[in-house]
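These notes concern the structure reproduced below.
The values are calculated or read from the model by the stated rules, or taken from the named source; none is laboratory data. Treat the numbers as computed from the prediction; the structure is a model and nothing was measured. Quick reminder, even Gly has a Cβ in these numbers, built from the backbone with ideal geometry, and neighbours come from all protein chains shown. For the accessible areas, the whole protein counts, side chains as well, though only heavy atoms, and no ligand, DNA or RNA atoms are used. Shrake-Rupley method; radii C 1.70, N 1.55, O 1.52, S 1.80 Å.
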Amino acid sequence: MNVESLEIFVLAEEHASGLFWAQHGISFLLSIEVDGSRHELLFDTGNSWEPIKHNLKLLGRSVKEIKALILSHRHYDHTGGLRGFLSEIERPIPIIAHPDVLKPNFVLPFRDIGLPISAEEIRSLGGKLLLTRDPIEILPGVITTGEVPRITELEKEMTIETYTIDEEGRLVRDPIMDDLSLVVRMDGGSIVITGCSHAGIVNIVKRARQLAGPVRAVIGGFHLIKAPESRIEGTAEALKDLGVQKVITGHCTGLAGECILRKEFGEDFEQLATGSILRFK
Ligand SMILES: [Fe+2]
Ligand SMILES: [Fe+2]
């Protein structure tokens, strides 16, 4: 069964229009119509809940109908609003993520950029952690990618240098295997929603195609900041070759990334902005 319509309310992003509050981070409220009924999901919580609360009010929305939270990965700019969200929702809610969200993640010289709340506190606030490497079909036609296979040569190098501690207590580079995305299967092709795309946006689209067929649009951050221009151009080309028609991005895609994608996709490039509502049928 395919999703009939999808509305994405951009609650957190670096750009904003009008009276909406921007922040460093991503959060999307998804309103999904499938099988004749409407469901709401939250994708990421930005780095702070306060601006999201403000934006929800301006949009005339609330957390009341949210059925589940999906965390794209453990970085603070996607999970920092979690405590505020759980405190506001005041009821048990499933939280779908990869098991590695609980692992430390930091840059050197030391700065913690991982999950800013413990599993114990999440549970005490009513969060029901569903941590899996596998895809989960949350609603008919709405599927998490689970762990994304890193198969594209162009994306072999990560565009971010972060560290973790392994089981033997050794300091190691962190491949951020927790990076997952959401696929919304619709007639005319799926919509893929990403956080930072640390798994590589081309790898993510390939995974989405495996799970749900053709992909028509990609929305979210692609983490092409600091990527060489040749890689950005290769990414734009690969997305086109994979049949992606529309790109809506911002956050960690970076100015060069945005410019090159805008050049490649023309009118089918859109800048993400807090407060905007993206509609798909
Ligand atoms: Fe991010
Ligand atoms: Fe990230």
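Please work out if HIS39 is buried (at least 18 other Cβ atoms within 10 Å of the Cβ), in contact with a strand residue (DSSP E or B) (Cβ under 8 Å, 6 or more places away or on another chain) and farther than 23 Å from CYS196 by Cα.
Considered against the rule, which asks whether it is buried (at least 18 other Cβ atoms within 10 Å of the Cβ), in contact with a strand residue (DSSP E or B) (Cβ under 8 Å, 6 or more places away or on another chain) and farther than 23 Å from CYS196 by Cα, HIS39 comes out as yes.
Where the second residue is surrounded by fewer than 15 Cβ atoms within 10 Å (Cβ to Cβ) and the first is among the hydroxyl-bearing types (Ser, Thr, Tyr) and lies in the range 262-281, which pairs have Cβ atoms under 7 Å and are six or more apart or on separate chains?
Here the result reads SER276/SER17, each pair linking the range 262-281 to a residue that is surrounded by fewer than 15 Cβ atoms within 10 Å (Cβ to Cβ).
Under 6 Å by Cβ, and 6 or more places apart or on different chains, what pairs join a residue from the range 149-164 that is closer than 21 Å to GLU233 by Cα with one that is surrounded by fewer than 17 Cβ atoms within 10 Å (Cβ to Cβ) and at pLDDT below 95?
Every condition considered, the pairs that remain are THR159/LYS226.
Among the residues of the range 42-66, what is the count of those that are part of a strand (DSSP E or B) and open to solvent by 10 Å² or more (accessible area, probe 1.4 Å)?
Matching residues across the range 42-66 total 0.
Please count how many residues of the range 168-180 are within 15 Å of ILE70 (Cβ to Cβ) and either out of contact with any helix residue (DSSP H, G or I) (no Cβ under 7 Å at 6 or more places or on another chain) or open to solvent by 10 Å² or more (accessible area, probe 1.4 Å) (or both).
2
Would you list the helices (runs of 4 or more DSSP H) that sit entirely within the range 70-125 and hold 3 or more residues that are away from ligand 2 (no atom under 13 Å from the Cβ) and either touching a Pro at 6+ places or on another chain (Cβ under 9 Å) or under 26 Å from ILE143 (Cβ atoms) (or both)?
The qualifying helices (runs of 4 or more DSSP H) are 82-89, 119-124.
Please go through the range 72-82 and give me each residue that is free of Cβ contacts under 8 Å to residues at least 60 places away in the same chain and more than 9 Å from ligand 1 (Cβ to nearest atom), ordered by number.
Matches in the range 72-82: THR79, GLY80, LEU82.
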